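Below: the structure, in C-alpha coordinates.
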Amino acid sequence: MKRLAFNHIKYDTFDYSPGIIEIEGNMVVRTYPLIEEIEQTEWIGGTAYLKKQNNRFQAFKQAILIKE
(Lines give C-alpha, C1' and ligand atoms only; values in the text may rest on other atoms or scores of the structure.)
Protein backbone atom coordinates (compact mmCIF):
# COMPACT_ATOMS: atom_id res chain seq x y z
CA MET A 1 0.00 0.00 0.00
CA LYS A 2 1.21 3.45 -0.89
CA ARG A 3 -0.06 6.65 0.77
CA LEU A 4 0.19 9.81 -1.37
CA ALA A 5 -0.70 13.42 -0.56
CA PHE A 6 -1.90 15.98 -3.10
CA ASN A 7 -2.90 19.64 -3.04
CA HIS A 8 -6.26 18.60 -4.57
CA ILE A 9 -8.09 15.32 -5.17
CA LYS A 10 -11.04 15.66 -7.54
CA TYR A 11 -13.89 13.43 -8.64
CA ASP A 12 -17.23 14.72 -9.95
CA THR A 13 -18.61 16.77 -7.07
CA PHE A 14 -16.04 16.26 -4.34
CA ASP A 15 -12.68 17.90 -3.86
CA TYR A 16 -10.29 17.28 -0.99
CA SER A 17 -7.87 20.17 -0.63
CA PRO A 18 -5.38 18.92 0.47
CA GLY A 19 -6.06 15.19 0.44
CA ILE A 20 -4.58 11.72 0.70
CA ILE A 21 -5.00 8.72 -1.60
CA GLU A 22 -4.10 5.19 -0.51
CA ILE A 23 -3.28 2.90 -3.45
CA GLU A 24 -2.82 -0.86 -3.77
CA GLY A 25 -1.51 -1.95 -7.17
CA ASN A 26 -3.18 0.58 -9.44
CA MET A 27 -6.49 0.91 -7.57
CA VAL A 28 -7.53 3.48 -4.98
CA VAL A 29 -8.31 1.88 -1.63
CA ARG A 30 -9.16 5.02 0.33
CA THR A 31 -9.27 8.82 0.03
CA TYR A 32 -9.60 11.37 2.80
CA PRO A 33 -8.75 14.98 3.61
CA LEU A 34 -5.27 15.74 4.88
CA ILE A 35 -5.78 17.29 8.31
CA GLU A 36 -2.55 16.20 9.98
CA GLU A 37 0.81 14.78 9.00
CA ILE A 38 0.65 10.98 8.68
CA GLU A 39 3.69 8.72 8.88
CA GLN A 40 4.97 7.23 5.60
CA THR A 41 3.00 9.59 3.36
CA GLU A 42 4.71 10.73 0.16
CA TRP A 43 3.92 14.32 -0.83
CA ILE A 44 3.25 14.45 -4.58
CA GLY A 45 1.55 17.83 -4.79
CA GLY A 46 -0.59 19.11 -7.64
CA THR A 47 -3.99 17.65 -8.51
CA ALA A 48 -5.01 13.99 -8.68
CA TYR A 49 -8.15 13.04 -10.61
CA LEU A 50 -10.13 9.93 -9.72
CA LYS A 51 -11.80 7.86 -12.45
CA LYS A 52 -14.17 4.94 -11.89
CA GLN A 53 -13.04 1.65 -13.46
CA ASN A 54 -15.06 -1.57 -12.90
CA ASN A 55 -16.76 -0.18 -9.77
CA ARG A 56 -13.40 0.85 -8.28
CA PHE A 57 -11.35 3.99 -8.61
CA GLN A 58 -8.02 4.75 -10.22
CA ALA A 59 -6.03 7.95 -9.66
CA PHE A 60 -4.38 10.00 -12.39
CA LYS A 61 -2.01 12.96 -12.37
CA GLN A 62 -1.54 14.76 -15.69
CA ALA A 63 -3.31 11.83 -17.45
CA ILE A 64 -0.77 9.30 -16.06
CA LEU A 65 -2.07 6.40 -13.96
CA ILE A 66 -0.69 6.46 -10.41
CA LYS A 67 0.53 3.02 -9.31
CA GLU A 68 1.96 1.52 -6.16
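If you check Arg3, Arg30 for being free of Cβ contacts under 8 Å to residues at least 12 places away in the same chain and within 9 Å of the chain's Cα centre (by Cα), only one passes: Arg30.
Total residues in the stretch 48-68 satisfying the condition of being part of a strand (DSSP E or B), of a type in the set (A, V, I, L, M) and over 8 Å from the mean Cα position of the chain (by Cα): the figure is 2.
This table checks each residue for (1) in a strand (DSSP E or B); (2) more than 20 Å from Ile64 (Cα to Cα); (3) modelled with pLDDT under 95; (4) among the hydrophobic types (A, V, I, L, M, F, W, C).
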| site | (1), (2), (3), (4) |
| --- | --- |
| Ala5 | yes, no, no, yes |
| Lys10 | yes, no, no, no |
| Asp15 | yes, no, yes, no |
| Ile20 | yes, no, no, yes |
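Looking across Thr31, Thr13, one residue alone is of a type in the set (Val, Ile, Thr) and surrounded by 13 or more Cβ atoms within 10 Å (Cβ to Cβ). It is Thr31. Residue count for the stretch 34-52 satisfying the condition of being surrounded by fewer than 15 Cβ atoms within 10 Å (Cβ to Cβ) and within 18 Å of Ile64 (Cβ to Cβ): 6.
The values are calculated or read from the model by the stated rules, or taken from the named source; none is laboratory data. It should be emphasised that the depicted structure is a prediction, and the values quoted were computed from it without experimental measurement. Note that we place each Cβ from the backbone using ideal geometry, even for glycine, and neighbour counts take in every protein chain shown.
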